[in-house]
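Since the structure comes first, as structure tokens, the remarks are kept for the end.
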Amino acid sequence: MKLIIAGSSGFVATELIRQALSTPSITEIIALGRRETPPPNKLGPNSDVTKLRSVVLGDFLSYTDEVKESLESADAVIWTIAISPSKLSTVTWEEACVISRDYAVKGIDTITQLPRDGKTEPLRFIYMSGSNAVRDQTKKPLLMGDYLLMRGDAETKILNYATTSNGTVETQVTKTGIIEDPVQLSVVSKLGRAFLRSLVGLPKINVDVIAAALLDQAINGFEKDTLLNEDLVRIGEARLAAGASGQNQAPSTG
Ligand SMILES: NC(=O)c1ccc[n+]([C@@H]2O[C@H](COP(=O)([O-])OP(=O)(O)OC[C@H]3O[C@@H](n4cnc5c(N)ncnc54)[C@H](OP(=O)(O)O)[C@@H]3O)[C@@H](O)[C@H]2O)c1
């Protein structure tokens, strides 16, 4: 299968690429970013780096013909581009909305319309969001209200896109808590983060687990249109236990 990973230079995307390179059923990985994406430093077992192709796009509201051609015939897209709360001060509010919401909408609209070489299965499009994002635009949270409503609006727009697509695309939203790389964190950092998480009431998921869950859904199909942190932990841990082939399916919630 051909997988597009948008935002390929990011934290989660780097782990996604690392695992995808070791996954035999993924035969082509398009790493779509605003700059070149080299193979990850640490490769997994039986990695095949020849599957990775870096595609650079300067403006995610305007796809060149060359970029469009490289995105043709995809089976699945995992969209990781967004401005996270910790980076909000680096852009204007208008830019944060465009990057976190409008880029994804333009992305799904562009990729869905490309030729797919006779493939009849719907394109699978996964939009990564956060556990606290709010879809109901009348329910503004007290903390980070504008940001959480904007991310919720993006979720709605992506899910609605599938509803009106005549079966050409299926969409899924993943709502994770804090994503951690346990290998990179010291004991003190782990304790500090656990304290912060408990203050804001956010669950956590390790980066290898969320990447495994995203790949599972991209490869095997969507369990449901919205996956919460607990769903992602269950699916990701089952896939990691099954190994790169992912032969053992994640247990269903029923
Ligand atoms: N990390 C967490 O704890 C966490 C928790 C909940 C939800 N999430 C969500 O999960 C997703 C992935 O998170 P992450 O931690 O992997 O994010 P990240 O490391 O910040 O990566 C974000 C990606 O977006 C790209 N990007 C940012 N501004 C851009 C622009 N103007 N044009 C094009 N690309 C741009 C970045 O490219 P550059 O590398 O070039 O900047 C990078 O590839 C996001 O939607 C995030 O909100 C993350």
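The values are calculated or read from the model by the stated rules, or taken from the named source; none is laboratory data. The structure displayed is predicted, hence computed values, not measured ones. All Cβ positions, even for glycine, are placed from backbone atoms using ideal geometry, and neighbour counts span all protein chains on display. Note: accessible area is taken over every heavy atom of the protein model, side chains too, but ligands, DNA and RNA are not part of it. Shrake-Rupley method; radii C 1.70, N 1.55, O 1.52, S 1.80 Å.
With every protein chain present, what is the per residue accessible area of the chain (1.4 Å probe, Å²)? Accessible area per residue, the chain: 49 Å². Kirkwood radius and radius of gyration were both taken over the C-alpha atoms of the chain, and their ratio Rg/Rh is 0.94. Only DSSP H runs of four or more residues enter the estimate; each adds -39500 (n - 2.57), and after division by the residues of the chain the mean residue ellipticity at 222 nm equals -11500 deg cm²/dmol. With 20 Å as the limit on Cα-Cα distance, the pairs of Lys157/Lys224; Lys119/Lys175; Lys175/Lys204; Lys2/Lys119 that go past it are Lys119/Lys175. With a cut-off of 14 Å on the backbone N, the residues of the stretch 1-43 near the modelled label site 7 Å out from Thr50 along Cα-Cβ are 27-29. Taking only protein heavy atoms and a 1.4 Å probe, the accessible area of the stretch 55-166 is 51% carbon and sulfur.
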